[in-house]
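> Below is one structure. I have some questions about it.
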Amino acid sequence: MLKPVKVIDAYCEKHDKKYKANVYHVFNHESVQPCPRCHIENTRAMAVASQVEQARIVISAREKRERDEWQAKQLKTSIPELYQTRFFSNYRVESKAQQSALDICREFADNFSAYRRSGGTLVLAGTPGTGKTHLSCSIANQIIQQDYTAVFITVVEMVRKIHSTYGTSEGEQEVIDRFSNVDFLILDEVGKQSGSLSEQNLVSEVIANRVNHHRPNVLLSNLELEKMKETLGERAWDRLTEGRSTLVDFNWESYRSRVSGDKKLQQRPA
Ligand SMILES: Nc1ncnc2c1ncn2[C@@H]1O[C@H](COP(=O)(O)OP(=O)(O)OP(=O)(O)O)[C@@H](O)[C@H]1O
Ligand SMILES: [Mg+2]
Ligand SMILES: [Zn+2]
């Protein structure tokens, strides 16, 4: 404890109060003790400041944890790295058609619990670079935060995964079940597959399982509707359109040449 060098008669203007103040010698200068009420106020202010600081640390730790959990879910969903920062909020709208595409996808995400109960499929078809993958990943990025499971995969990759079970502990049926049972499935690049019959049968089976259990889907393609029907096979297509399905036509200029200049695409929403 520091010892006072002297005691003086002091006056506090703030509290209009005379008091006996200890004077301390601190680093070559004299420090006069504040009045008792100033002392209490200072102590309280310091306590509040420290509580605010504590709360800030707790919040930033929680934010970090939530962000980490979210990223882990994105990884589990196999959302491609580029699309981990794609959200409704950074999809630029420059035409009525884009606004309508955004509205439809956002409605799907916002009401996902209803779609999860009664099923529904969005078919996003059209020209390259128009934001089909962007908006479908925006749906996934939103719903995985509510603890729904999702998988983003191309048709070719899904078929390859089902076929590649040979010699692993997971059987073919288990992989088919995995794609059938996930809450939300995004099937990308419909039409880039070979179109072979065994491929069609596998895709058909997954789609039939999903439609039968009212599980929601998004299909992405550069093909015309008729061509999509052809490559997926009549059976799968009928299943899909039997349930609630919405076709969105993406037909405007590609955004790809503008991506590197768009800072908003680099960020997650606050
Ligand atoms: N309206 C938009 N606003 C902001 N970014 C966009 C917009 N449209 C597309 N992009 C971005 O442009 C790039 C290409 O879009 P995306 O990959 O979603 O297109 P796509 O329709 O899936 O194309 P493809 O048919 O070739 O797969 C992505 O980085 C995407 O985030
Ligand atoms: Mg795409
Ligand atoms: Zn005082």
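> Tell me, please, whether a residue that is closer than 30 Å to Asn251 by Cβ, among the hydrophobic types (A, V, I, L, M, F, W, C), in contact (Cβ under 8 Å) with a residue 24 or more places away in the chain and part of a helix (DSSP H, G or I) can be found in segment 36-44. Reasoning before the result, please.
So the first thing to find is which residues in segment 36-44 are closer than 30 Å to Asn251 by Cβ, and the list is none.
No, segment 36-44 has no match at all.
> Let me ask something else about it. Which one of the conditions (1) surrounded by fewer than 23 Cβ atoms within 10 Å (Cβ to Cβ); (2) within 16 Å of ligand 2 (Cβ to nearest atom); (3) polar (S, T, N, Q) does Gln146 fail to meet, given that it meets all the rest?
(2)
> Within segment 172-205, how many residues are touching a residue at least 40 places away in the same chain (Cβ under 8 Å) and either polar (S, T, N, Q) or under 14 Å from Lys161 (Cα atoms) (or both)? Before the answer, list the steps.
Here is the first cut: in segment 172-205, the residues touching a residue at least 40 places away in the same chain (Cβ under 8 Å) are 183-184, 186, 188, 190-191, 199, 202-203.
Remaining after also requiring either polar (S, T, N, Q) or under 14 Å from Lys161 (Cα atoms) (or both): 199, 202-203.
So the answer is 3.
> For residues that are outside any helix (DSSP H, G or I) and either surrounded by 19 or more Cβ atoms within 10 Å (Cβ to Cβ) or more than 14 Å from the chain's Cα centre (by Cα) (or both), tally how many sit in segment 71-126. Reasoning before the result, please.
Within segment 71-126, the subset outside any helix (DSSP H, G or I) is 78-80, 86-87, 91-95, 111, 119-126.
Checking which are either surrounded by 19 or more Cβ atoms within 10 Å (Cβ to Cβ) or more than 14 Å from the chain's Cα centre (by Cα) (or both) leaves us with 79, 86-87, 91-95, 111, 119-126.
Qualifying residue count, segment 71-126: 17.
> Right, next: Can you pull out every residue in segment 91-142 that is farther than 19 Å from Leu187 by Cα and within 16 Å of ligand 2 (Cβ to nearest atom)?
Residues satisfying the conditions are Tyr91, Gln98.
> Which pairs do you get when a residue that is assigned by TED's automatic domain parsing to the domain that holds Met228, found in segment 246-270, comes within reach of a residue that is more than 11 Å from ligand 1 (Cβ to nearest atom) and part of a loop (DSSP other than H, G, I, E, B), reach meaning Cβ atoms under 8 angstrom, with the pair 6+ apart or on two chains?
Thr246/Gly120
> For segment 185-222, name all the residues that are charged (D, E, K, R) and outside any strand (DSSP E or B). Talk me through it step by step, then tell me what you get.
At the first step, the residues of segment 185-222 found to be charged (D, E, K, R) are 188-189, 192, 199, 205, 210, 215.
Once the filter is applied, which keeps residues that are charged (D, E, K, R) and outside any strand (DSSP E or B), segment 185-222 yields Glu189, Lys192, Glu199, Glu205, Arg210, Arg215.
> Okay, moving on. Which condition number does Ser138 fail, the rest of (1) within 13 Å of ligand 1 (Cβ to nearest atom); (2) within 21 Å of Asn209 (Cα to Cα); (3) among the hydroxyl-bearing types (Ser, Thr, Tyr) being met?
(2)
> Only one of (1) within 16 Å of ligand 1 (Cβ to nearest atom); (2) loosely packed, with under 11 Cβ neighbours inside 10 Å; (3) of a type in the set (Lys, Arg) fails for Lys14. Which number is that?
Of (1) within 16 Å of ligand 1 (Cβ to nearest atom); (2) loosely packed, with under 11 Cβ neighbours inside 10 Å; (3) of a type in the set (Lys, Arg), only one is false for Lys14: (1).
> When you look at Arg86, is it in the same structural domain as Ser260 (by TED's automatic domain parsing), out of contact with any Gly (no Cβ under 6 Å at 6 or more places or on another chain) and either closer than 30 Å to Leu185 by Cα or within 16 Å of ligand 3 (Cβ to nearest atom) (or both), yes or no? If you could, list the steps in order and put the result at the bottom.
Details: in the same structural domain as Ser260 (by TED's automatic domain parsing): yes; out of contact with any Gly (no Cβ under 6 Å at 6 or more places or on another chain): yes; either closer than 30 Å to Leu185 by Cα or within 16 Å of ligand 3 (Cβ to nearest atom) (or both): yes.
Judged against the criteria, Arg86 is a match.
> Could you tell me which of the residues Glu30, Glu53, Glu63 is part of a helix (DSSP H, G or I), surrounded by 11 or more Cβ atoms within 10 Å (Cβ to Cβ) and charged (D, E, K, R)? Steps first, please.
Values: Glu30 fails: part of a helix (DSSP H, G or I); Glu53 fails: surrounded by 11 or more Cβ atoms within 10 Å (Cβ to Cβ).
Only one candidate qualifies: Glu63.
The values are calculated or read from the model by the stated rules, or taken from the named source; none is laboratory data. Keep in mind that this is a model prediction, so the values were computed, not measured. For neighbour counting, all protein chains shown are included, and Cβ atoms are generated from backbone atoms with ideal geometry for every residue, glycine included.
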